[in-house]
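Peer 1: I have a structure here, written as structure tokens, and I will follow up with some questions on it.
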Amino acid sequence: MNLGFHEALSIFAFSVRDGFVQVSAFVAITVLLFSYLQYQTGGRATDFLERHEALQPIAGGLLGLTPGCGGAIIVMPLYIRGKVSFGTVVAALAATAGDSAFVILAVAPKAAFVAYAIAFVAGVTFGYMIDGWGLGIGRVDRAVEAIGEPVTDDGFSTKSVAQSGPRAPTSSSASTCCEPTSTRSSLLTPLSHGVHIAWWIVAITGLVAGVEYLRRGAPEVAFAFGPTFQGLFTVSGIIGTIFSFYLYFVGRHYLGEEEADRIRESFSNTYETFKHAAIETSMVTVWVIAAYLIYEYSIGMIGVEIKAIAEAAGVATPLAGVALGLVPGCAPQIVFAGLYTNGSVPFSALAANAISQDGDALFPLMAIDMKAAIVATIYTTLPATAVALILYYAWPFVRYGFGVV
């Protein structure tokens, strides 16, 4: 099917606008809520984990369950220092849905509740099984070790995963490696702060338009720029997306949030909390719009809907969700979540991907102990595969569109 220039441009414009109002404005409030909770609790979650050894997999699962990657990231340095078990690491990684959780929470809250409850139960159960019975960790550990030598860095010395992981750090570099830094510019630094503040104004405006959009029954919204609902929807969507792209690709370097989606465990003040929430939502916006464009252009240019491919693939689709979860980071998973909200992939694939994916929480572990990271990734795919098969065959009525607003 040939797609004309004007039609392709229209798809691009509507995707850019709709992605921000329909998803990102809601994501912004969700991210801010959990970032503020993180700001208020500080390091108390870490202290709790160290004091309650018997509850570590449950605590790891709860930390992983918090939207975003911050909760699961907290677990990684504790494991590296020998404070928590390997089962706790797996529980946290299996329970986390990374930044894709914000997309599902905003667009399909019922689906999010069910999927992440399943991920929590599966992750914690598997974590206790690993700590109690091993489940062949030693054998997998040796197989991974045969591929290459363990990775060491910054004074850490790796041990066998089956022997409780790395020893404590031998230098103080770990305490300073993750401090946020920012590039300074007499022009771009104040501009980035100004865009950040303006971004929140537009996000709130977009949220108002998004709530009204849902109240009206999610109708088709015309492209308009006047003082009407359609104008508010269009202007906030386009400006919000432009600001989001600026903050993610440029502004974050001048706001001290260059790696914020991977390393922040707490915030020192309210402004930092808002700043981090804006950058993280901007990153989500970039990949949500990528999902919108993939979906729309796949129909317009190829003439085949992704949903039709998924239906034809059968059980291979949820298993593909498991395989995608092997990819570190949040970007591919956000795109996958966007495809679910468009009704293109079944619920079994969403739930399986939520368990299999490790988000950005895996990066700190990869940097210090690559072998442990590989073994952890392998072990999160096992419960994910089981859930994929069970949901696909035993719960078919929730295959597509379950819980989408």
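Peer 1: Would you confirm, using the coordinates I've provided, whether Y292 is in contact (Cβ under 8 Å) with a residue 60 or more places away in the chain, surrounded by 24 or more Cβ atoms within 10 Å (Cβ to Cβ), over 28 Å from A91 (Cβ atoms) and of a type in the set (F, W, Y)?
Peer 2: The answer is yes for Y292.
Condition check ((1) β-branched (V, I, T); (2) in contact with a Ser or Thr (Cβ under 9 Å, 6 or more places away or on another chain); (3) under 20 Å from A101 (Cβ atoms)) across all residues:
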{"site": "Q333", "(1), (2), (3)": "no, yes, yes"}
{"site": "A337", "(1), (2), (3)": "no, yes, yes"}
{"site": "D369", "(1), (2), (3)": "no, yes, no"}
{"site": "A373", "(1), (2), (3)": "no, no, no"}
{"site": "W395", "(1), (2), (3)": "no, yes, no"}
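Peer 1: All but one of (1) under 15 Å from F336 (Cα atoms); (2) under 12 Å from the mean Cα position of the chain (by Cα); (3) not small (G, A, S) hold for V107; state the number of the condition that does not hold.
Peer 2: (2)
Peer 1: Restricting to segment 327-379, count the residues that are more than 14 Å from the chain's Cα centre (by Cα), surrounded by fewer than 24 Cβ atoms within 10 Å (Cβ to Cβ) and among the small types (G, A, S).
Peer 2: Count: 2.
Bear in mind these aren't lab numbers, they're just calculated from the coordinates by the rules spelled out. As the structure is a prediction and not an experimental result, all values here were calculated from the model. All Cβ positions, glycine included, derive from the backbone under ideal geometry; neighbour counts span all protein chains shown.
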